[in-house]
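Notes follow once the structure below has been shown.
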Amino acid sequence: MKNALVKYKNIAHLPGARRLLAADAISKAGDWVLFVAMSALVFDAGGAGALALFSLARVLVPAVLGPWAGSWGMALAPRTLMIGVDAGRAALLALAAVAAYTHQSVWVLEALVVGCAVLTAFHAPAERRFQRDVIEADQRPDFNAVIGATATTVMVVAPALGALMATTVGNIGALVVDAASFVISAFTVSGIRPATPVTAPESPQKQKQKQEQEQEQEQEQEQAAPAAKRRTGAIATVVRVLKNQPVVTACLITQATACTIAGGSMVLLPPLSSHLHAGSGAIGWLTTAIGVGSMLGVLAGGTIARQGRLLVCVGSIVTMGAILGLLGSSPNLLLALGCAVLVGVAANLPEPMYWTSYANHIEESDSGPVYGLVESAITGGFSLGGTLLGAAIVAFGTSTAAWAVGIAASLVAATAFAPALRSRKMNATAPSSAPAAECTQVSA
């Protein structure tokens, strides 16, 4: 807890960081409220089939569009793109409220859901790009720990607020409130300014050296221009970064695997609660336990990110498979709650490490497509995990399915040790004159 308070204190004095945290929390809360309210409206209008299509579109569209949305978004400044996306989502939600109030076809609601999902695919990469502009490199580990804790808190609180609004002002009223939240998020982002480090006045000699360095860089850029022109495709950019940056590859594999197991754990909760005869409130308690573990994981992960312990992060995800199996085999609610907390801790312990490593190892010109791929891995992982575990439960039962999916996911996560060890070897043999800005080193 002391370390968590230190992390909050380290960024609390930064106006840009405070505003960015607030905007991120408001935007993510809006996504959860949208899920709660729109799920009920779609189900009422079209039944279970329409609800299944809604759930699929909500995660599949951002997963498919990720790399391209990140690449296309590079044409705009990230702050401008974030404001535009929030404004667009607010407009679509207002239209959804009108459509639901006037009893329009369920396909109108589905189309508006797809529109929101498309905009969301552009928002996440733009936000990660904007964080690079607002947060200095030495402050990123603490900031990523805090924003991760904020996101997990929102994951616990926002769905409950959505349910409360649905019972008080109705689902249509919840959509109106949700639209207003995206407008607030846009205004919050509009007030954020990129970090401008204060530097002392330069002497004439230093100014001359700087001019000479700039001229040399311009010459190098002109010589490298033909190669740069070939790097225009989103997929080609992603492949090149993953090939040349083993740290990014290791983080991407583990992050996608963690999201797959996490998506499976959410699908596991209803049949597990029924198997334990724990009552209708058990799902809520287990979900809260995962949220609590997630908060603990990201808070502890800030220190790990600062120390650059990539192998510890990979190992954390490998253990998630066994934890998922224990969760599905829990003989009572108390043990299930403990396993649920461990799922949250193991999944989110590496979270600050992921984003700190991405920021330190990905060039600004490549960040759009790669961040888009990361968001695809996150949303696609949740969708894949839920689908696989749901099908396995039907075929093999709750306990066997949890162990089968968990072990398979652990084997996938273990493959990340290869790029992680390669990166460790590269850092161990790197010359001592390496730039100090490359602050994320890999250690066991």
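The values are calculated or read from the model by the stated rules, or taken from the named source; none is laboratory data. These figures come from a predicted structure and were not determined experimentally. Neighbour counts run over all protein chains shown; Cβ positions are idealised from the backbone, glycine included. Heavy atoms of the whole protein, side chains included, go into the accessibility calculation; ligands, DNA and RNA do not. Shrake-Rupley method; radii C 1.70, N 1.55, O 1.52, S 1.80 Å.
Tabulated data for the structure shown
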| item | result |
| --- | --- |
| Estimated inter-spin distance, Ser365 and Ala418, nm [label 7 Å along Cα→Cβ] | 3.0 |
| Ellipsoid semi-axes in whole angstrom, largest first, where each is sqrt(5λ) of the Cα gyration tensor of region 240-324 | 31, 15, 9 |
| Virtual spin-label span in nm between Thr167 and Ala395, 7 Å along Cα→Cβ | 3.9 |
| Sites Leu411 and Trp285 - FRET efficiency at Förster radius 30 Å, r taken between beta-carbons, to 0.05 | 0.45 |
| Accessible carbon and sulfur surface of region 84-181 relative to its total accessible area, %, 1.4 Å | 73 |
| Principal axes of region 286-347: Cα extent on each, largest first, Å | 38, 20, 12 |
| Pair Ala91, Phe43: separation of 7 Å Cα→Cβ label points (nm) | 3.2 |
| Overall form of region 350-417 per C-alpha gyration tensor (a/c, 1.5; a/b vs b/c) | prolate |
